[in-house]
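Structure record follows, encoded as structure tokens.
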2 protein chains.
Amino acid sequence: MESLQKYFDTIESALADIEYAASPDGLYAPVRYELSLGGKRVRPLLTLLACEMFGGDCRSALHAAVGLEVFHNFTLLHDDVMDKADVRRGKPTVHKVWDENRAILSGDAMEIIAFRYIARTPAPHTGAVIDWFLKTALEICEGQQYDMEFETRDDVTEAEYIEMIRLKTAVLLGGALKIGAIIGGADSADADRIYRFGESLGLAFQLQDDWLDVYGDPARFGKKIGGDILNNKKTYMLINAQRRAEGADAEELSHWLSATGYDPAEKIAAVTALYNRVGAGELCLQQVDAYSRRAIEALREIALPETAKQPLYDLATSLIKRDH
Amino acid sequence: MESLQKYFDTIESALADIEYAASPDGLYAPVRYELSLGGKRVRPLLTLLACEMFGGDCRSALHAAVGLEVFHNFTLLHDDVMDKADVRRGKPTVHKVWDENRAILSGDAMEIIAFRYIARTPAPHTGAVIDWFLKTALEICEGQQYDMEFETRDDVTEAEYIEMIRLKTAVLLGGALKIGAIIGGADSADADRIYRFGESLGLAFQLQDDWLDVYGDPARFGKKIGGDILNNKKTYMLINAQRRAEGADAEELSHWLSATGYDPAEKIAAVTALYNRVGAGELCLQQVDAYSRRAIEALREIALPETAKQPLYDLATSLIKRDH
């Protein structure tokens with residue numbers, strides 16, 4: 001990924017250059033804090049790469065790229081409030097450093113700042129970029145709503161789960177690419193193809209993330225293993241384990257889902273073993289592969305020389321690791 | 001205000017026609033609920049009136065008008081969460097009907113819907129309207145932040161208080177008028193004048209609201225009298241009473257500001273009597289008059305026949321009642 005360093009530098013520099021009013025610092029300090037927590041900056045990177053791939057000057061996509069990253073961080077900030085999450089990227093979340101009201105209001109301000117950058121996209125693509133961004137932004141809210149609803153539902157289907165992660169995660173990757181492609185001058189067929197590439201890649205990535213939460217190497221995954229199992233999170237694997245488990249397996253799964261006062265390590269080990277017995281982990285990996293293939297197919301259909309697409313092939317490979 | 005009925009009908013109908021995705025209803029039901037609570041619809045009315053005043057077709061300002069009203073309602077929704085307010089316009093607030101997470105997320109979605117409508121403003125004014133709207137939107141967040149900070153500060157000055165209500169309330173009235181004027185084809189000098197009219201009117205209106213909270217007729221004011229006094233809210237009157245009170249008055253005010261376990265009616269009566277003794281109510285009314293005059297002067301400067309401005313003169317008169 002060394003060749004991408006110049007893009008990351010451009011993005012970090014643009015994020016650091018966001019101009020805030022001189023006061024109230026109480027409003028803008030949390031915004032700066034959230035944006036300083038880092039992260040992979042995948043969305044703005046996708047926007048810049050897509051723009052250049054279609055022959056555009058990536059400087060004309062930089063405002064949109066910044067807007068997308070600010071919006072993404074706004075969703076993380078408010079999601080952390082809703083999930084009562086204490087830690088984000090190894091640091092205390094905004095509502096822990098300050099308080100909930102500050103987190104709500106600073107998030108609201110970030111949403112406005114994101115729109116401001118999106119709207120600075122130069123003509124003639126301003127309107128198309130705004131439209132596509134707003135459509136995507138609303139879908140992300142819909143995804144978060146489904147995610148919260150699923151917490152209290154016992155009958156979430158595999159299709160509903162896929163739709164939820166599509167809205168919550170995948171559409172923003174697709175949207176970031178499509179917006180870059182529009183600014184770069186892609187025709188609508190190719191802009192749709194790159195959207196499908198990003199959307200499928202996003203689904204593959206999220207399903208892989210679910211798998212890694214159970215089977216990952218803690219040192220490389222970056223968070224504790226088994227969190228989803230302890231929270232009874234209705235992931236692709238749990239939904240399929242519930243569907244497939246029979247007899248004693250079904251009883252054991254049901255026991256763990258309603259258990260209280262257990263040893264966390266024991267629950268993680270038991271549910272993981274059950275996932276293994278019913279093949280839920282394997283099924284999840286098959287889906288990762290299927291969506292990865294779909295992403296690559298969409299990329300292949302784009303009417304550009306394969307060499308021009310190489311950075312996106314490389315990025316897809318780096319996001320979907322093949323060593324599991 | 002009968003002659004304004006056609007505008008109100010247009011606005012209500014446009015608000016009712018907002019298209020939501022079919023699902024998740026859990027996200028959009030609170031949005032519809034918040035918008036159904038009513039209110040005076042002053043902001044979209046100002047936009048339509050300003051557009052027509054400068055010779056524009058008010059249909060071309062309708063999207064912006066809807067965007068402004070949706071944004072205003074979004075701020076009420078999130079402010080109610082932050083203030084832990086149980087009632088809005090006589091009905092339970094969104095976070096009481098549903099829960100806080102729903103209120104946060106639905107508000108986020110409303111912010112996006114507001115932008116969507118603002119961005120639908122037809123060319124050639126789309127960019128100018130978006131810019132002015134986003135500037136105003138961010139200022140409103142700044143005002144809310146100051147408002148929250150003032151709750152825990154003892155040294156808020158009169159100037160700081162005026163700046164807070166300017167940001168939290170007045171700029172949106174100014175912005176609604178300016179956006180309507182831009183769409184109606186006003187030149188920049190007149191667009192600035194109508195902004196100043198709205199901004200001054202907003203300050204007069206908010207100061208009057210503070211006064212009515214103490215001295216209003218409960219039957220006509222629509223909320224309980226004395227709420228600000230019970231909450232030690234740092235209004236223009238409290239700030240000035242603290243500055244002016246001496247000796248026994250200063251001690252009594254200090255006593256009531258730190259008192260607990262008191263009889264609410266007794267505190268209201270005592271603080272009101274103190275406001276009377278130090279002339280805080282009268283001072284507030286003088287400010288209402290001063291800002292009203294400033295508003296009328298700005299309106300008078302606009303390069304249009306006085307008859308064209310009559311609806312705004314009438315509206316100013318109806319908002320700032322002269323019977324106090």
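The values are calculated or read from the model by the stated rules, or taken from the named source; none is laboratory data. The structure displayed is predicted, hence computed values, not measured ones. Cβ: placed from backbone, ideal geometry, glycine included. Neighbour counts: every protein chain shown. All accessible areas refer to the heavy atoms of the entire protein, side chains included, with ligands and DNA or RNA removed. Shrake-Rupley method; radii C 1.70, N 1.55, O 1.52, S 1.80 Å.
Using a 10 Å cut-off on Cβ to Cβ distances, tally the other chain neighbours for every residue of A:21-33 and report the average as a whole number. Please report the intermediate quantities before stating the final value.
Numbers: counts 5, 0, 4, 10, 2, 5, 9, 4, 0, 0, 0, 0, 0.
Mean number of neighbouring Cβ atoms from other chains: 3.
A cut-off under 13 angstrom between Cβ atoms defines the neighbours of B:V214, and their net charge, with Lys, Arg +1 and Asp, Glu -1, is -2.
Over region B:28-71, calculate the relative contact order: mean separation of alpha carbon pairs under 8 Å at least 6 apart, over the residue count, as a percent. Numbers along the way, then the final one.
Working: 24 pairs, mean separation 17.8, N = 44.
Dividing the mean separation by the residue count of region B:28-71 yields 40 percent.
The portion of the accessible surface of region B:1-142 made up by carbon and sulfur, rounded to a whole percent, is 50 (1.4 Å probe; DNA, RNA and ligands excluded). When chain A is treated as a GNM with alpha-carbon contacts under 10 Å, the residue of A:T152, A:T136, A:T260 showing the greatest mean-square fluctuation is A:T260.
Expressed as a fraction of 2.2 N^0.38 Å, the rule-of-thumb size for a compact globular protein of N residues, what is the C-alpha radius of gyration of region A:1-139? Numbers along the way, then the final one.
On the way: Rg = 15.2 Å, N = 139, 2.2 N^0.38 = 14.3 Å.
After normalising by residue count via 2.2 N^0.38 Å, the value is 1.06.
Quick one: grab the alpha carbon gyration tensor of region B:221-324, order the square roots of its eigenvalues as a ≥ b ≥ c, and give me rounded if a/c is under 1.5, else prolate or oblate depending on whether a/b is larger than b/c. Since a/c reaches 1.5 and a/b is larger than b/c, the shape of region B:221-324 is classed as prolate. Taking only DSSP H segments of four or more residues, each worth -39500 (n - 2.57), what value at 222 nm results for chain A once the sum is divided by all its residues, to the nearest 500 deg cm²/dmol? Theoretical 222 nm ellipticity from helices: -23500 deg cm²/dmol. Interface burial in region A:92-107 reaches 50 Å² or more for A:N101, A:I104, A:L105, comparing the full protein assembly with the chain by itself; accessible area from heavy atoms with a 1.4 Å probe. Relative contact order for chain A: 17 percent, from Cα pairs under 8 Å spaced at least 6 residues apart, divided by residue count. The same position B:A128 in the other copies lies at 2.7 nm from this copy, comparing label points 7 Å beyond Cα toward the beta-carbon, shortest first. Largest GNM mean-square fluctuation across B:P24, B:P44, B:P124, computed for chain B with C-alpha springs under 10 Å, falls on B:P24.
Relative to the other identical copies, A:R59 shows label-point distances of 4.3 nm, where the label point lies 7 Å from Cα along the Cβ direction and values run shortest first.
Using Cα pairs closer than 8 Å and at least 6 residues apart in sequence, work out the relative contact order for region B:63-208, in percent.
Numbers: 158 pairs, mean separation 32.2, N = 146.
This gives 22 percent for region B:63-208.
Spacing of the modelled spin labels on A:Q310 and B:D99, each 7 Å from Cα toward Cβ, amounts to 5.2 nm. Buried between B and A is an accessible area of approximately 3200 Å², summed over both sides with a 1.4 Å probe.
Placing unit charges on the Cβ atoms only, positive for Lys and Arg and negative for Asp and Glu, gives region B:21-165 a dipole magnitude near 1020 debye about its Cα centre. Dipole size of region B:1-77 about its Cα centre, with +1 on Lys/Arg Cβ and -1 on Asp/Glu Cβ: approximately 180 debye, rounded to the nearest 20. By the scheme Lys and Arg +1, Asp and Glu -1, what is the net charge of all other residues having a beta-carbon under 12 Å from that of A:L283? The answer is -2. For region B:186-243, trypsin sites (Lys or Arg not before Pro) are listed when DSSP marks them as loop and at most 14 other Cβ atoms sit within 10 Å of their Cβ; the list is B:K223, B:K224.
Just add up the charged neighbours of B:W256: K/R +1, D/E -1, any other residue whose Cβ is under 12 Å from the Cβ of B:W256.
Working: positive: B:K267; negative: B:D249, B:E251, B:E252, B:D263, B:E266.
Net local charge, B:W256 excluded: -4.
Comparing mean-square fluctuations of A:N240, A:N276, A:N73 from a GNM of chain A with C-alpha springs under 10 Å, the top value falls on A:N276. Note on the protein assembly as shown: with charges restricted to the Cβ of Lys and Arg (+1) and Asp and Glu (-1), its dipole about the Cα centre is near 780 debye. You can think of it this way: the chain between A:E301 and A:A248 has 14.3 nm of extra reach, that is 0.36 nm per residue less the Cα-Cα gap. Take each uninterrupted DSSP H stretch in chain A, measure its Cα extent along the helix axis, and return the ones at 24 Å or beyond whose mean Kyte-Doolittle hydropathy is at least -0.5. Membrane-span-like by this criterion, though nothing is claimed about a membrane: A:62-83, A:100-119, A:126-151, A:188-215, A:280-301. Note that region B:166-324 presents 44 Å² accessible area per residue, ligands and nucleic acids not counted, probe 1.4 Å. Need the per-residue list for region B:136-180: every residue with at least 20 Å² less accessible surface in the complex of protein chains than in the chain by itself, probe 1.4 Å, sorted by number. Flagged in region B:136-180: B:L138, B:C141, B:E142, B:Q145, B:Y146, B:M148, B:E149. B:S13 label point (Cα plus 7 Å toward Cβ) to equivalent points in the other copies: 5.4 nm, shortest first. Taking all C-alpha pairs of chain B, those more than 27 Å from each other amount to 47 percent. I need the Debye-formula profile for the protein assembly as shown: one equal scatterer per C-alpha, no solvent, reported as log10 I(q)/I(0) at q = 0.06, 0.07, 0.08, 0.10 1/Å, two decimals. Log10 I(q)/I(0), no solvent term: -0.39, -0.52, -0.67, -0.98.
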